[in-house]
Amino acid sequence: MRDLRVVLDTNVIVSAHLNADGLERYVLDLALNKHLECFVTEEILEEYALVLYRPKFKLVKHMVSASVQLIRKQARIVRPERTLSITVDPSDNRFLECAETADAHYLVSGNKRHFPSRWKNTQIVNARELLNLIVPSGSRD
């Protein structure tokens, strides 16, 4: 599984922080424990922080800071060489740019409808779909 290259959309990161028992948390934990090779850009890390700091989520600021630093430490930071205009929301394009640069197998998003079903070599999946593909049925240990 370690050879699987993934990019995590911001909504996956937020869901992981809001629901410690959710599938998104399990995916984030796999990435943080280096069972998945996670890729980000500086812009994606900035977006993670900006969204997690929103008051509506009521997350503890120092915990958010620590979490973003851990993601920064465990993920591989890439610098896309080209700008894409594929998605309706320009901020979603940065995830496709990251996935393309990293040659990621999967882009994991809770909003798959915002993306094409596939971009180059990257399949867009939600957390459940990713886990069904990579974890033997029923084993989330």
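No lab work stands behind these numbers, since they all come straight from the coordinates. Worth saying up front: this structure is predicted, and the values here are computed from it rather than measured. Cβ atoms come from the backbone with ideal geometry, glycine included; neighbour counts cover every protein chain shown.
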Just ALA20, ALA99, ALA75 to compare: in a GNM of the chain, with alpha carbon springs under 10 Å, which one fluctuates most? ALA20
Count charges around PHE115 for me, please; just the other residues with Cβ under 14 Å from its Cβ, Lys/Arg as +1, Asp/Glu as -1. -1
Label model pair ASN19, THR101: point-to-point distance (7 angstrom along the Cα→beta-carbon line) in nm is 3.1
With label points built 7 Å along Cα→Cβ from the Cα atoms of ARG128 and VAL88, find their separation and express it in nm. 2.3
If I build a Gaussian network model for the chain, linking alpha-carbon pairs within less than 10 angstrom, which residue out of THR83, THR41, THR122 has the largest mean-square fluctuation? THR83
Loop trypsin sites (Lys or Arg not before Pro), segment 1-38 (other Cβ atoms within 10 Å of the site Cβ: 13 or fewer; DSSP): ARG2, LYS34
Please report the antiparallel percentage of the DSSP beta bridges confined to segment 4-141, to the nearest 5. 15
